[in-house]
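Only the coordinates and a few stated rules stand behind these numbers; no lab work does. Since the structure is predicted, the reported quantities are computational estimates derived from the model, not experimental observations. Here the Cβ positions follow ideal geometry from the backbone for every residue, glycine too, while neighbour counts run over all protein chains shown.
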Amino acid sequence: MPKNRKITMVGVTLLFCLSLLAILMIGIPKVLDVTPYAVSDNKMAPEYREGGLVFVKDISEPIHVGDTITYYTNQKEEIKTRRVLAVDNKIEGYFVKGDNADKAEMGLVHKRNLIGAPHFYLPYIGFLANLGR
């Protein structure tokens, strides 16, 4: 096979892969009404691993112990996904812990910091979400 033809095939394959990723990153979230966020740690491994992309949907139903939530920390500088350990209805907050963590997270996650619940997850492509921010 000539060298030019190999270069063309690689280019077409690369273009196809980039187009597919663009559809995943732009099209699917709009259709399913979800927002993609990169997973920044392994505290929810093996379900959600660092470097993956979690697609989060707004929550319309009450949150219960055992549910997984995604929320802002540090005045919206960081985003985390954790499992709810306890619900405090008095001050509208949640105590959370990562599945792969030894201890619960410090403090309470207030309802105002809640983004939503993970709808689905794609491994290894979380770096793409960080490129756009």
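Report the extension gain between Ile7 and Lys30 in nm, rounded to one decimal, defined as 0.36 nm multiplied by the number of residues separating them, less their alpha carbon distance. Don't jump to the answer; show the numbers that get you there.
Values: separation 23, 0.36 × 23 = 8.28 nm, distance 3.42 nm.
This chain segment gains 4.9 nm when fully extended.
Sort the following peptides by mean Cβ neighbour count (other Cβ atoms within 10 Å, averaged over residues), highest first: 37-50, 111-124, 55-68. Please list the in-between numbers first.
Numbers: 37-50: 17.8, 111-124: 15.9, 55-68: 13.4.
Packing order, densest peptide first, comes out as 37-50, 111-124, 55-68.
Going by alpha carbons, how many degrees (0 to 90, nearest 10) lie between the helix axis of 3-22 and the longest principal axis of the chain?
The answer is roughly 20 degrees.
Within 9 Å, Cβ to Cβ, of Arg82, how many net charges do the neighbouring residues add up to if Lys/Arg are +1 and Asp/Glu are -1?
Numbers: positive: Lys43, Lys80, Arg83, Lys97; negative: Asp99, Glu105.
My count for the surroundings of Arg82 gives +2.
Given the alpha-carbon gyration tensor of the chain, what are the semi-axes of its equivalent ellipsoid in whole angstrom, ordered largest first, with each equal to the square root of 5 times an eigenvalue? List each step's numbers first, then the result.
Working: eigenvalues 267, 45, 26 Å².
Output for the chain: semi-axes of 37, 15, 11 Å.
Rank these for me by crowding, Thr8, Thr81, going from fewest to most other beta carbons within 10 Å.
Values: Thr8 11, Thr81 26.
The fewest-first ordering by Cβ neighbours comes to Thr8, Thr81.
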